[in-house]
Amino acid sequence: MDVIRQLEAEQMKSELPDFGPGDTVRAWLKVVEGGKERLQAFEGVCLTRNRRGSLRESMTLRKISHGVGVERTVLVHSPRLDRVEVVRRGIVRRARLYYLRDKIGKDARVKERRV
């Protein structure tokens, strides 16, 4: 069992910024098209962070694209994820922001935390 934990520890990313639900995050993902690989940004509000501290940790990001809500679940320690940037911090009072799925327009905004 210790061998598995050691292998997982080697694969975990250490340079992740501190972010959580309500924060607007830009995730740079490696996309393969044909034989070429490029970086593509997905910027949205973080709805959840699941399994924190584990190799299987994931985050769910949501954005509105051309009037349609788009959600993407990204594995935080995946080799496909290049880097994560925190664009803005949000004020929220719960760990899962699934209620944002039912909101439209200005209702779907999260207040920004001023530092």
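General observations
- Close amide H contacts of residue 83 (hydrogens built in the peptide plane, cut-off under 5 Å, sequence separation of 5 or more or a different chain): 28.
- Rounded to 10°, Cα long-axis angle of helix 2-11 versus longest principal axis of the chain: 60 degrees
- Structure-derived Cα Rg over 2.2 N^0.38 Å - corresponding label in (1) 1.26; (2) 1.16; (3) 1.08: (2)
- Ranked by solvent-accessible area (1.4 Å probe, protein heavy atoms only, all chains present), the residues 73, 60 order from largest to smallest as 73, 60.
- Given a 1.4 Å probe and the protein chains as shown, residue 77 ends up with an accessible area of around 20 Å².
- When the pairs 13/111; 13/63; 36/111; 13/36 are compared against a 31 Å limit on Cα-Cα distance, 36/111 fall above it.
- Label separation (residue 95 vs residue 8): 1.7 nm, computed from points 7 Å beyond Cα along the C-beta direction.
- Think of a 1.4 Å ball rolled over the protein heavy atoms: the chain then has 71 Å² of accessible area per residue.
- 3, 70, reordered so the largest accessible area comes first (probe 1.4 Å): 3, 70
- Backbone N within region 55-83 under 18 Å of label point (7 Å from residue 104 Cα along the Cβ vector): 63-71
The values are calculated or read from the model by the stated rules, or taken from the named source; none is laboratory data. This structure is a prediction, so every number in the text was calculated from the model and none was measured. Here the Cβ is made from the backbone with ideal geometry for all residues, glycine too, and neighbour counts use every protein chain on show. Please note that ligands, DNA and RNA were not included when accessible areas were found on the heavy atoms of the full protein model with its side chains. Shrake-Rupley method; radii C 1.70, N 1.55, O 1.52, S 1.80 Å.
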